[in-house]
Amino acid sequence: MADDIRFKHPFTCIVSGPSGSVMSSFTLRLVQHLDSLCTEHNFSGGIIWWYSEKYAVPLEKLAFLHKNVSFHECRKFRQRVG
C-alpha cells in the first residue's frame, strides 16, 4: 500500500520568503493543482491569500481558476520607540 502524501482537507499552508523568490508563482501553481494535491476532490473551500506587495498578486490568473479566494493586505508591525 502506497503512502498518501496529499494535503488532508482541511489544511493550512504558509508560503513565505523574501521578495523575488517566486512565492506567488509557486502559490498559483499550488492552487491550480489543488484538486489533485488534496484529499478532497473538486476543492471548493475558501482560500485566504495574505500579501504585503499588491503587485505580486496574480489576480487575472487566479480569476480563471474559479476558486473562492479572498485577499488581505498584511501590514508590517512597527515597534514604538519611547
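The values are calculated or read from the model by the stated rules, or taken from the named source; none is laboratory data. No experiment lies behind these values; they were computed from the predicted model shown. Please note: Cβ atoms are built from the backbone with ideal geometry, for glycine as well, and neighbour counts cover all protein chains shown.
From Phe11, Phe7, grab the single residue that is touching a residue at least 24 places away in the same chain (Cβ under 8 Å), aromatic (Phe, Trp, Tyr), on the phi < 0 side of the Ramachandran plot and surrounded by 13 or more Cβ atoms within 10 Å (Cβ to Cβ). Selected residue: Phe7, the only one of Phe11, Phe7 that is touching a residue at least 24 places away in the same chain (Cβ under 8 Å), aromatic (Phe, Trp, Tyr), on the phi < 0 side of the Ramachandran plot and surrounded by 13 or more Cβ atoms within 10 Å (Cβ to Cβ). In the range 4-38, of all residues being aliphatic (A, V, I, L, M) and part of a loop (DSSP other than H, G, I, E, B), the one that is nearest to Lys61 (Cα to Cα) corresponds to Val22.
For the range 10-21, the set of residues classified as at pLDDT 80 or above and of a type outside the set (S, T, N, Q) consists of Pro10, Phe11, Cys13, Ile14, Val15, Gly17, Pro18, listed by residue number. Within the range 45-70, residues that are outside any helix (DSSP H, G or I) reach partners that are of a type in the set (S, T, N, Q) with beta carbons closer than 6 Å, at six or more positions or on different chains, in the pairs Gly46/Asn68; Ile48/Ser70; Pro58/Ser24.
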